[in-house]
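None of the figures in this text is laboratory data; all of them are computed from the coordinates on show. Note that this is a predicted model, so its numbers are computed, not measured. Positions of Cβ are backbone-derived with ideal geometry, glycine not excepted, and every protein chain shown enters the neighbour counts.
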Amino acid sequence: MEIRLKPEYLEEIKKKHTTYSLGRILSNNQAVRIFSGEANITLKTYYVLCKAMGWDFPEYFSVKDDAE
């Protein structure tokens, strides 16, 4: 199974971030793969993207963020 971002959400990310700025949030490798549309999105990556983009993260997950 592969989970990838839909093109409209990928474009939203590209409008707000560069591979460099997204790489500082995730990793450079992950940022490049997301920008190319080739990244298999994990739940953890999805959570970080939600925070970075101001998107709502589904309430049915309980998240313990060690960085907070």
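What to note about this one:
- Each pair of Cα atoms in the chain enters the Kirkwood radius, and Stokes-Einstein at 4 °C and 1.567 mPa s then converts it into a translational diffusion coefficient of 104 µm²/s.
- Other residues whose C-beta falls under 13 angstrom from the C-beta of residue 27 contribute a net charge of +3, scoring Lys and Arg +1 and Asp and Glu -1.
- Rounded to the nearest Hz, the phi-derived 3J(HN,Hα) couplings of the range 50-55 under the Karplus curve 6.51 cos²θ - 1.76 cosθ + 1.60 (θ = phi - 60°) are 4, 5, 5, 9, x, 7, where x marks glycine and proline.
- Taking a straight line from the alpha carbon of residue 44, these aspartates and glutamates sit under 18 Å away, with near neighbours fewer than eight places off in the same chain left out: 2, 56, 59, 65, 66, 68.
- A simple charge model with +1 on the Cβ of Lys and Arg, -1 on the Cβ of Asp and Glu and nothing else charged puts the dipole of the chain at about 240 debye relative to its Cα centre.
- Scalar couplings 3J(HN,Hα) for the range 6-22, obtained by applying the Karplus form with A = 6.51, B = -1.76, C = 1.60 to θ = phi - 60°, are 5, x, 5, 7, 4, 5, 4, 5, 5, 6, 9, 10, 9, 4, 5, 5, 5 Hz; x denotes Gly and Pro.
- The lysines within cross-link reach of residue 15, meaning a Cα-to-Cα straight distance under 18 Å and a gap of 8 or more places when in the same chain, are 6, 51.
- Remark: the residue 41-residue 10 segment gains 10.0 nm on full extension, using 0.36 nm per residue and subtracting the alpha carbon distance.
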